[in-house]
Every structure is written in structure tokens, then in C-alpha cells.
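Worksheet: the structure to be examined is printed underneath.
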Amino acid sequence: MLTKQKILVFSDWFLPGFKAGGPIRSLANLVHSLDIDFWIITRITDHHSDEPYEGIVPNTWTQHRPNVQVKYVYEQDITQEFLKKLYEEKDFEHIYFNSLFSPNFTLLPLRVARKLGVAKRCILAPR
């Protein structure tokens, strides 16, 4: 029996956010339509907001759908140590970046992936 692929996703914003518009919708459509296990790292706030999402525990995997786990984090929690632990936590087949221009949700994670030798598994979706 084949096991589902596990893909780690970095995105500045995801559901229940809506203020960033298209990037949230396109990522939601992607993870809702594929039979792949997605593990999403995203902000705990919506675009241009400082208020955390209500009822969501930060830095904890939250099941969004049966195949989608989301970890909502504060931007300052994205450190090299956090990323190293994250990359070692599960055997992710790919690492998907939902933007090119995000310092903490693309550039730093990509640098750490390169240091750890997993950059060949990275997928970059420039917007």
C-alpha cells in the first residue's frame, strides 16, 4: 500500500484569513483538491492585522481537514532553530513556498533548507 506524500507548505496567510485574497484562495484550493498530506506553516494573524485568530492555539498543529494540518505561528517565532526542528519533525517529500518575496516564510526557510541539504525538494511558487 502506498503512503500519501507529505508536503510542508510555507505561506504568509491561510484560512481563516481572507484579507490577502488570491494567495489564500489558491492555496486553499490546492490543498482541498489533492489527495496529499499537507502541513502548513502560516501566520496567526490575517493580512494587515495584529490580532491573532480567535480560538486558535499558536505553535500547535491544528487539523484543518483530514489531509491538512496547520501550524499558526507568530512571525518572530520563525527562527533557524524552529525551522531545523520542523524539517526534522517529519519526512517531508517536498517543501512548498507560496511566495518568493516573504523574508520569514520563504527566504529564511529556504536558506535553512539549503544548509540542511533538503533544498532540492523545494518548490517555489513566485507571485
Open item on the list: Suppose we filter the stretch 17-42 for residues that are touching a helix residue (DSSP H, G or I) at 6+ places or on another chain (Cβ under 8 Å) and closer than 18 Å to Leu124 by Cβ; how many remain?
Closed with: 4
Open item on the list: Considering only the stretch 77-89, I want to know if a residue exists there that is at pLDDT below 95, open to solvent by 60 Å² or more (accessible area, probe 1.4 Å), farther than 14 Å from Phe14 by Cα and acidic (Asp, Glu).
Closed with: yes
Task: Filtered residues of the stretch 90-109 (kept if in contact with a helix residue (DSSP H, G or I) (Cβ under 7 Å, 6 or more places away or on another chain), under 24 Å from Pro16 (Cα atoms) and loosely packed, with under 15 Cβ neighbours inside 10 Å) - done: Leu100
- [ ] Would you please name the residue that is farthest from His48 (Cα to Cα), looking only at residues in the stretch 8-31 that are open to solvent by less than 20 Å² (accessible area, probe 1.4 Å), without any contact (Cβ under 8 Å) to a residue 60 or more places away in the chain and touching a strand residue (DSSP E or B) at 6+ places or on another chain (Cβ under 7 Å)?
- [x] Val31
- [ ] For residues that are exposed (fewer than 13 other Cβ atoms within 10 Å of the Cβ) and within 15 Å of the chain's Cα centre (by Cα), tally how many sit in the stretch 110-123.
- [x] 1
- [ ] Would you confirm whether any residue within the stretch 27-35 is of a type outside the set (Ser, Thr, Tyr) and more than 15 Å from the chain's Cα centre (by Cα)?
- [x] yes
Open item on the list: Among (1) open to solvent by 60 Å² or more (accessible area, probe 1.4 Å); (2) touching a strand residue (DSSP E or B) at 6+ places or on another chain (Cβ under 6 Å); (3) at pLDDT 95 or above, there is one condition Phe38 misses while meeting the rest; what is its number?
Closed with: (1)
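The values are calculated or read from the model by the stated rules, or taken from the named source; none is laboratory data. Computed from a prediction, not measured in an experiment: that's the story for all the values here. Because the Cβ atoms are built from the backbone with ideal geometry, glycine has one as well, and the counts that use them run over all protein chains shown. The accessibility values were calculated without ligands, DNA or RNA, using every heavy atom of the protein model including side chains. Shrake-Rupley method; radii C 1.70, N 1.55, O 1.52, S 1.80 Å.
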